[in-house]
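Undergrad: If you scroll down you'll find the structure; I have some questions about it.
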Amino acid sequence: MTDAAMDATPGRGSRLTPALFALAIFTSASLVFVVQPMVAKLVLPMLGGSPSVWNTSMVFFQAALLGGYAYAHLLQRIGSIRIQVGVHLALLVAAALFLPLQISGLLGEPDPGAPIGWLLATLALSVGAPFGVLSATAPLLQAWYARVRAGHADGQNPYVLYAASNLGSFLALLAYPLLIEPLATLGGQRGGWSVGYGVFILMVAALAVVVWRSRDAAEEPPPLAVSPPIAWMDKLKLVLLAAAPSSLMLGVTAHLSTDVASAPFLWVVPLALYLLTFVIAFQTRPALPLWLTLSIQGALAAACIMLVAFRTGFWPMLFAIHLATFFFTALMCHQLLAERRPAPDRLTEFYLLLSLGGVVGGAFTALLAPVIFKTVWEYPLVLVLVGLARPWRRDPVQRREIIGFVAALLIAVSPAVLSAVFQADWDLAWAFNRMVDWDMQQLTITILGGAAIGAFLLRDRPPAFVILLAAMALTSHYIARGYDARLSERSFFGVMKVAETNDPRLGGPVHVLMHGTTLHGAQPRNGANACLPTLYYAPSTPIGQAALAQRQKPGAVIGVVGLGTGALAGYKRASDTLTFFEIDPLVDRLARDPQWFTFISDCAEGPVRTVLGDARLTLGKEGRGTYDLLVIDAFSSDAVPTHLLTQEAIQLYLDLLKPDGVVVLHLSNRNLEITLPAQAAAQALKVPALHQIYRESTDAPEMAEASTEALILSPTEAGLAAYRADGRWNQLQETDVRPWTDDYVNLIGSLWRHIRR
């Protein structure tokens, strides 16, 4: 019987059926993936805006997806498709009781010392039910489709619907940062998602009616032919092939978002690319053949691995290289998965294994790696090891390949060897600096380029390819280590390093604190200069000016959001009260350890209090009208947590001030323009504000000062009178930029303004 004849037969469904299935799968996937950045954004302010919030949330979503796929697999044990549809509809309706989505407060506030368990449990209580049931829809509908369309050509390959599912996910994720987040408030997003969920329930109900009416009353779709079980070794390969892209997705997200912002517009790009690779890989005829994917991936992996340790430079180019490498690596793995997909009767088992791999990869990067590694090694490690998934050539190794491998390996390790021989500064580089304006990073990358070419030529020999990539990764990390690291510790909130550099004009050794790639403070170790606040907190900077101004008062009450090295404790007199508000217990421990920094232990006159937790939560418990000075100086590497710059946050700061008190917002940033939203918030609140950009003096010691941008506000004009008289502070012109609020943040606009200026 032809397909046309079968479509005309009541027992074979109508021509409308494929379109209805595709639409339902597309809609469910859109809802599943648009909710992820939305919910993570809802919970982000409770954990200091850390990029780890997104990675940990992704582990939850992957685990919930695994649970949904397991439910779909078990539901297939029920022979009647009608009963399956009835059960799924009932669960969809029951999960609707959790709408509209909101963050559950049952567990109270998170413990900064152990936030992961709180975050996972809170997400489970808040969105677990609707997300889990929705996530089961794609494999369920594909399994139903295979049975309903049994005997049709399209029924033999229900995996094509997986492309429709991932296309819906991909478009939803792109829509979130480009349309949904800039145009809708969080309240509007929650309401819109609830409406979409209700429409989807009606869609599944309508689909069930159409399918049921297209068949004879007593007839059920025939069970699919039973294929051989998937071998355990093949199951392991499927899990590992799915785990690598999942791990890399979180790794590249953390790598890119650490220095810009922990925000949906950066979260969703790797996730959207991840889903797009599924769309391509599971097409009937993939747009990119596997051989071409393998060639491009080999070239990009070699280029990316030599750059992964270097985070400074032209960041759009670095973003492009990292994202392109991730995309083609994920596509390679998913195309290899598509080649191994089993017969339709094993469909739900196949997706269950893929989901298990996603959880394994995500859990390794977000949960296990921070415990194992003191610094971020998981991203380059997986990027190197995934090379073993490439197809292996079985012909004998040629002599020229051996020579090429040895030569490339020697080139790969040469920068590290030369650096070790000629000390950290690599004195040999002076000769190159006389010929061309190269620094150590540029010279190292140039040399490693030769090794990258060798690795690409050996891409079909995975062991050699992986060894060369590993050598390049180790060399680049050794060269890029920067200052002489004395300590490296890692917490949920990032990697903290205490290093030592030498500044003869400050008396010799200087201890510096680094979070990610950004200096968060420095202290000279020479006794004469040990209590001198440096960098952003030097007396000449806007923050230092505000701290010195408080000395005009007999006993100032000062609060600082963001501890760093505790440099502002260097200004504290015995009559002053100083409180640091810090979310990371690791930072507090380092700042109070005299082995590393002594601003708090030796320089401050009298005790210094630290309050642990997110500042929006902890400041809310402070007494109103008690502070003379508040300094908002919280950074995650170079990214400012956006919830600390909203109109509601600034109103909180102003409420805590005395009538003549001031709040200083530290706004220095390499990648985002965040001054105008803060100024817009001041305008909306109708409070006076002044602005200053301080340029560090070329005559000052290297570690003494840092260029600083700040905005100072006060509840009254009296609070800013002295600053208006100081020519270093300026009145900004009014802006038409929309202020950020707890319900609205537009980081895309901040990024665009920074690029344009």
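Undergrad: From the Cα trace of region 322-415, what convex hull volume per residue do you get, rounded to a whole Å³? Please list the in-between numbers first.
TA: On the way: hull volume 14.4 nm³, N = 94.
Hull volume normalised by residue count: 154 Å³.
Undergrad: Something else now. Is the shape of the chain best called rounded, prolate or oblate, per the rule: a/c under 1.5 gives rounded, else a/b larger than b/c gives prolate, else oblate, with a ≥ b ≥ c the square roots of the Cα gyration tensor eigenvalues?
TA: Details: a/c = 2.60, a/b = 1.47, b/c = 1.77.
Cα axes put the chain in the oblate bin.
Undergrad: DSSP loop GluC sites (Glu not before Pro) in region 678-757 with at most 12 other Cβ atoms within 10 Å of their Cβ, which ones?
TA: Those satisfying the criteria are GLU734.
Undergrad: Can you check what the net charge comes to around LEU290, using other residues whose Cβ is under 11 Å from the Cβ of LEU290 (Lys, Arg +1; Asp, Glu -1)?
TA: Taking every other residue near LEU290 into account, the sum is 0.
Undergrad: Report the net charge of residues surrounding ILE372, where surrounding means a beta-carbon distance below 11 angstrom and charges are Lys +1, Arg +1, Asp -1, Glu -1.
TA: Value of the local net charge: +1.
Undergrad: In whole percent, how big is the carbon plus sulfur part of the accessible area of region 282-419, probe 1.4 Å, protein atoms only?
TA: 71
Undergrad: Suppose all protein chains stay in the model; what accessible area per residue would a 1.4 Å probe give for region 647-757, in Å²?
TA: On a per-residue basis, 45 Å².
Undergrad: Now a separate question. Hey, can you find the accessible area per residue of region 283-342 for me, probe 1.4 Å, expressed in square angstrom?
TA: Solvent-accessible surface per residue comes out at 40 Å².
Undergrad: Now for a separate question. Which residue, PHE131, GLY168, THR642, has the largest displacement toward the positive end of the dipole of the chain when charges sit on each Cβ (Lys, Arg +1; Asp, Glu -1)?
TA: Ranked along the dipole, the leading option is GLY168.
Undergrad: Right, another one. Going by amide H atoms built from the backbone, whose H comes under 5 Å of the H on LYS572, apart from near neighbours?
TA: GLU605
Undergrad: Assuming a ≥ b ≥ c are the square roots of the Cα gyration tensor eigenvalues, decide whether region 509-656 counts as rounded (a/c under 1.5), prolate (otherwise, with a/b larger than b/c) or oblate.
TA: Verdict is oblate for region 509-656.
Undergrad: Across region 579-592, in residue order, what do the Karplus-derived ³J(HN,Hα) couplings come to in whole Hz, using 6.51 cos²θ - 1.76 cosθ + 1.60 with θ = phi - 60° and x for Gly and Pro?
TA: With coefficients 6.51, -1.76 and 1.60, one gets 10, 9, 10, 9, 8, 9, x, 4, 5, 4, 5, 5, 5, 9 Hz.
Undergrad: Ignoring everything but the protein chains, give the 1.4 Å probe accessible area of LYS374 in square angstrom, nearest 10.
TA: Solvent-accessible area, nearest 10 Å²: 110 Å².
Undergrad: Still on this structure: No other cysteine beta carbon under 4.7 Å away is the test; run it over the chain and list who passes.
TA: Result for the chain is CYS304, CYS333, no neighbouring Cys Cβ within the cutoff.
Undergrad: Taking the solvent-accessible surface of protein heavy atoms with a 1.4 Å probe, what is the per residue accessible area of region 10-142 in Å²?
TA: Dividing the accessible area of region 10-142 by its residue count gives 33 Å².
Undergrad: Leaving ligands, DNA and RNA out of it, work out the accessible area of ARG340 with a 1.4 Å probe and give it in Å² to the nearest 10.
TA: Accessible surface of ARG340 is approximately 100 Å².
Undergrad: In whole percent, how big is the carbon plus sulfur part of the accessible area of region 536-611, probe 1.4 Å, protein atoms only?
TA: Looking at region 536-611 in its full context, I get 54 percent from C and S.
Undergrad: Which value, in debye to the nearest 20, gives the size of the charge dipole of the chain about its Cα centre, when Lys and Arg are +1 and Asp and Glu are -1 at the Cβ? The partial results should precede the final answer.
TA: Details: 52 positive and 53 negative charges, 345 e Å.
The dipole magnitude comes to about 1660 debye.
Undergrad: Another question, if that's okay. Report the local net charge at LEU337: Lys and Arg +1, Asp and Glu -1, summed over other residues whose C-beta lies under 15 Å from its C-beta.
TA: With Lys, Arg at +1 and Asp, Glu at -1, the neighbours total +3.
Undergrad: Select from region 569-663 those GluC sites (Glu not before Pro) which occupy a DSSP coil region and have at most 14 other Cβ atoms within 10 Å, ordered by residue number.
TA: Within region 569-663, the qualifying GluC sites (Glu not before Pro) (loop, at most 14 other Cβ atoms within 10 Å) are GLU605.
Undergrad: Rounded to a whole number, what % of the accessible area of region 29-115 do carbon and sulfur atoms account for, probe 1.4 Å?
TA: Carbon plus sulfur share of accessible area: 70 percent.
The values are calculated or read from the model by the stated rules, or taken from the named source; none is laboratory data. Note that the structure is predicted; figures quoted are calculated from it, not measured. Reconstructed Cβ throughout: ideal geometry from the backbone, glycine too, with neighbour counts over all protein chains shown. Protein only, heavy atoms only, side chains kept; ligands, DNA and RNA dropped before computing areas. Shrake-Rupley method; radii C 1.70, N 1.55, O 1.52, S 1.80 Å.
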